[in-house]
Amino acid sequence: MKSIQKVGEGVFGEVFSAEGNGERAVLKIIPVDGSTMINSSPQKPIREVIGEYLISQTLKESNLAGFCNVKAASLCNGIYPKSLKTAWDKYAETKESENDRPWEVLAKDQLYIVLQMEHCGQDLDSQQLNATEAVYLLKQIAKNLAAAESACEFEHRDLHSGNVLVSRDAETGQLEPTIIDFTLSRVKPKNEDAIYADLEYDHEIFEGEGDPQFDVYRDMQNALNRDWSIYQPKTSVYWIAFLAGWMGRNIAAGKSKTSRKLLDLRKTLRRYKNANEIVDRLDIVLK
Ligand SMILES: Nc1ncnc2c1ncn2[C@@H]1O[C@H](COP(=O)(O)OP(=O)(O)OP(=O)(O)O)[C@@H](O)[C@H]1O
Ligand SMILES: [Mg+2]
């Protein structure tokens with residue numbers, strides 16, 4: 001493994017990319033099962049973290065496009081290696097980190113789950129999209145969610161702008177979205193019980209203010225009546241509506257006609273039942 005870089009972070013995970021055998025791999029490293037707090041949060045149990053891998057496997061079995069493939073999940077323990085520490089500090093210098101330096105907080109025998117994924121591009125937050133690109137990406141995300149809804153009752157449940165990555169297709173030059181981070185997602189594998197995260201144990205997630213993203217967690221809680229096990233594709237409707245608003249606010253030339261259309265969609269899409277219904281609507285409204 002060489003060219004190790006930190007490429008992102010979340011409350012629970014540190015995300016690095018590395019090159020090996022001519023391929024660029026991404027490793028998401030998540031401390032699990034310990035009693036030490038990390039980034040002001042308790043560590044997750046292994047069972048919850050492994051859900052992200054199992055959900056990705058179910059999406060893969062259904063041959064769905066537009067979702068990150070988590071190739072492997074490993075359980076490791078021990079200290080942070082020097083190469084990751086150097087990459088971590090470099091990221092903190094250039095991008096600023098909200099996280100603790102893991103090796104200063106965590107014990108020497110800390111357990112970690114390492115998820116190995118393909119590199120899926122840069123997140124929406126770091127893009128300057130024009131109106132055509134924003135419309136294409138929104139339609140494509142809705143289509144991918146609709147296909148996953150039909151195939152395995154998939155609901156992502158956390159589709160903020162940091163969880164949509166964008167890359168350029170090497171052959172066509174077209175921007176393509178990839179959905180990552182299935183930490184809160186729900187899916188129904190064939191002949192098995194649904195895999196989901198019970199958010200009722202996480203009160204803080206419903207208390208956020210100041211960004212439309214935080215309203216979505218409360219909207220989902222109402223739609224699900226606090227039962228996170230059930231299939232309720234309205235959650236995807238709320239996230240697609242949120243992304244329409246995000247695109248409307250963030251595309252270049254913010255006052256354009258498309259921007260206004262997208263901002264209107266943020267409200268009007270909410271009456272639909274699922275992503276499949278929205279796909280048809282977007283094709284009519286955003287020609
Ligand atoms: N496969 C990938 N390819 C490229 N970048 C990635 C990949 N996975 C994650 N990242 C980067 O790392 C960031 C954090 O990853 P991720 O969302 O999976 O972590 P998280 O801890 O679950 O985050 P949170 O819970 O805060 O949403 C992403 O926003 C993205 O910038
Ligand atoms: Mg995330």
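FYI, it's all coordinate maths here, none of it is from the lab. Being a predicted model, the structure only gives us computed values, none of them experimental. Cβ placement follows ideal geometry from the backbone for every residue including glycine, while neighbour counts extend to all protein chains displayed.
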Quiz item: Which length gain, in nm to one decimal place, applies between SER83 and ARG47 when the Cα-Cα distance is subtracted from 0.36 nm times their residue separation?
Solution: 10.1 nm
Practice problem: Would you list the P(r) distribution for region 2-118, with all Cα-Cα distances sorted into 5 Å bins from 0 and each bin expressed as a whole %? | Solution: 2, 11, 20, 23, 20, 14, 6, 2, 0
Quiz prompt | Fewest-first ranking of ARG270, ARG47, using other Cβ atoms within 10 Å as the exposure measure | solution = ARG47, ARG270
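When only C-alpha pairs under 8 Å and at least 6 residues apart count, what is the relative contact order of the chain, in percent?
17 percent
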Quiz item: What's the exposure ranking of CYS68, CYS120, CYS76, going from fewest to most Cβ atoms within 10 Å?
Solution: CYS76, CYS120, CYS68
Quiz item: Based only on the alpha carbon positions, what is the Kirkwood hydrodynamic radius of the chain, in angstrom?
Solution: 19.8 Å
Self-check item: Excluding exposed DSSP-loop GluC sites (Glu not before Pro) (at most 15 other C-beta within 10 Å), longest clean stretch of the chain
Solution: 1-95
Self-check item: In order through region 162-173: 3J(HN,Hα) via Karplus (6.51 cos²θ - 1.76 cosθ + 1.60), integer Hz, x for Gly, Pro
Solution: x, 9, 10, 9, 10, 9, 9, 4, 4, 7, 8, x
Exercise. Once you've got the Cα coordinates, tell me which of LYS71/LYS95; LYS60/LYS139; LYS44/LYS82; LYS143/LYS261; LYS28/LYS143; LYS188/LYS261 are over 30 Å apart.
Key: LYS188/LYS261
Quiz item: Extension gain ASP215-ALA107, at 0.36 nm per residue separation less the Cα-Cα distance, in nm?
Solution: 35.3 nm
Exercise. Set the Förster distance to 35 Å, then compute FRET efficiency between ASN225 and ARG260 from the Cβ-Cβ distance, nearest 0.05.
Key: 0.55
Self-check item: Cα→Cβ-extended label distance, 7 Å offset, between GLU118 and ALA72, nm
Solution: 1.7 nm
Quiz item: In whole Å, what is the distance between the alpha-carbon centres of region 1-65 and region 244-287?
Solution: 31 Å
Self-check item: the chain - charge dipole about Cα centre, Lys and Arg +1 at Cβ, Asp and Glu -1, debye rounded to 20
Solution: 920 debye
